[in-house]
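Participant: Please read through the structure below; I'll follow up with questions.
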Amino acid sequence: MVRKLILTSLLLTAGALSAQAQYPDKLVKIVVPVAAGGGVDVMARLLAQYLGERLHQQFVVENRPGAAGVIGSKVVIASPADGTTLLYTPSSLSLSVAISKVPPYDLAKDFSPIVNVAISPYALVVNPSVPAHSLKEFIAYAKANPGKLSYGSAGVGSASHLAAELLKSKTGIDMVHVPNKGMNPALIDLMGGQVQVLFASVPGLTSEKTERARPIAMAELKRSALMPELPTMSESGLPGFAVGNWAGLLGPAGLDAAVVKKLHDEVLAILAMAEMKARIKTLGFDVIASTPQEFAKQLQEDVERWGLVAKVVSEEKK
């Protein structure tokens, strides 16, 4: 019996090593569920280029935008779990599950997380008319003026919308939501004074814009390389408050563990390259480089956190 167990273990180990050694033996498609040209798409193409060079196989990007990323994600779910079809997706993957009455998929059952690559962070930004230069000052001012502040967003259900609602729930402040059609229009409204508060994407906050849009706290667990002088929400009194548009690599459910490890290790090696580090910063991202287990945990936490916020928003509308 013992000999049989040992033999089985050896065969399984040999099989895993063989899968890792042979992968990839044909073209690999990376599905990107957003339109071409944005930061997530550019990052995917860089990864495809370097993975192809390192693994001596062609990696190609296929853009499948639509339905907040659901269309492209479902293409990957329906693909064979052999590593030839992967998903490089922004955080809309978990948001679409969290805010939907009927979730389009089950993140734990339908995907194999590989690595959360990087994050484009958000910052809490105010119009200069708001007399606050720190999170503490802002909360005090908002509490002293309930319902008088309006906050912008990139649209109902967007990360910027849910971030502001999360801030409201954690601090008890009262602000009025003014949704917009994208982050750039929302930022323009903030600079023009139509709204006073916004969780803005940090890459869009050029030095010229920050004269009319004052960042007061970084909505990330650690300080961003993009604005290292700006304290985090956690440092400023709200532990664990983190919002950003991350981008990560996943495969369909059942992807061989050896293939997951190989892809994970190769992506981490690419992220450590000096030229890749420089390019990532230029695109406005901070590196995450998570383990598959950390990524899986984050997906679960995202759904739980944003699901609760979405529920509060839904109740307020009734």
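Participant: May I ask you to list the residues in region 243-254 that are in a loop (DSSP other than H, G, I, E, B) and surrounded by fewer than 24 Cβ atoms within 10 Å (Cβ to Cβ)?
Facilitator: Selection gives A253, G254.
Participant: Only residues that are open to solvent by 20 Å² or more (accessible area, probe 1.4 Å), out of contact with any Pro (no Cβ under 8 Å at 6 or more places or on another chain) and not in a helix (DSSP H, G or I): list them for region 159-181, please.
Facilitator: Result: G172, V176, H177, V178, P179, N180, K181.
Participant: When you check A81 against the structure, is it modelled with pLDDT under 95, under 18 Å from L107 (Cα atoms) and more than 16 Å from the chain's Cα centre (by Cα), yes or no?
Facilitator: Details: modelled with pLDDT under 95: no; under 18 Å from L107 (Cα atoms): yes; more than 16 Å from the chain's Cα centre (by Cα): yes.
Against the criterion (modelled with pLDDT under 95, under 18 Å from L107 (Cα atoms) and more than 16 Å from the chain's Cα centre (by Cα)), A81 does not qualify.
Here's the yes/no breakdown for (1) touching a Lys or Arg at 6+ places or on another chain (Cβ under 9 Å); (2) surrounded by 21 or more Cβ atoms within 10 Å (Cβ to Cβ); (3) free of Cβ contacts under 8 Å to residues at least 40 places away in the same chain:
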| position | (1), (2), (3) |
| --- | --- |
| P103 | no, no, yes |
| F111 | no, yes, no |
| P121 | no, yes, no |
| V126 | yes, yes, no |
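Participant: Continuing with this model, one more query. Only residues that are of a type in the set (G, A, S), in a helix (DSSP H, G or I) and crowded, with 17+ Cβ neighbours inside 10 Å: list them for region 264-306, please. Walk me through how you get there before you give the answer.
Facilitator: So the first thing to find is which residues in region 264-306 are of a type in the set (G, A, S), and the list is 269, 272, 274, 278, 284, 289-290, 296.
Still in the running and in a helix (DSSP H, G or I): 269, 274, 278, 296.
Matches in region 264-306: A296 only.
Participant: Restricting attention to region 109-141, which residues are part of a helix (DSSP H, G or I) and either farther than 26 Å from D286 by Cβ or not aliphatic (A, V, I, L, M) (or both)?
Facilitator: K109, D110, K136, E137, F138, A140, Y141
Participant: Test R45 against the stated conditions and say whether it is assigned to a helix (DSSP H, G or I), in contact (Cβ under 8 Å) with a residue 40 or more places away in the chain, of a type in the set (D, E, K, R) and open to solvent by 20 Å² or more (accessible area, probe 1.4 Å).
Facilitator: The answer is no for R45.
Participant: Within region 48-65, can you find the residues that are surrounded by fewer than 19 Cβ atoms within 10 Å (Cβ to Cβ) and of a type in the set (G, A, S)?
Facilitator: The answer is G52, and nothing else.
Participant: While we're on this one: Of everything in region 138-184, what is of a type in the set (K, R) and farther than 24 Å from P239 by Cα? Give them in sequence order.
Facilitator: Across region 138-184, the qualifying residues are K148, K181.
The values are calculated or read from the model by the stated rules, or taken from the named source; none is laboratory data. No experiment lies behind these values; they were computed from the predicted model shown. Using ideal geometry, Cβ is built from the backbone for each residue, glycine included, and neighbour counts are taken over all protein chains shown. Protein only, heavy atoms only, side chains kept; ligands, DNA and RNA dropped before computing areas. Shrake-Rupley method; radii C 1.70, N 1.55, O 1.52, S 1.80 Å.
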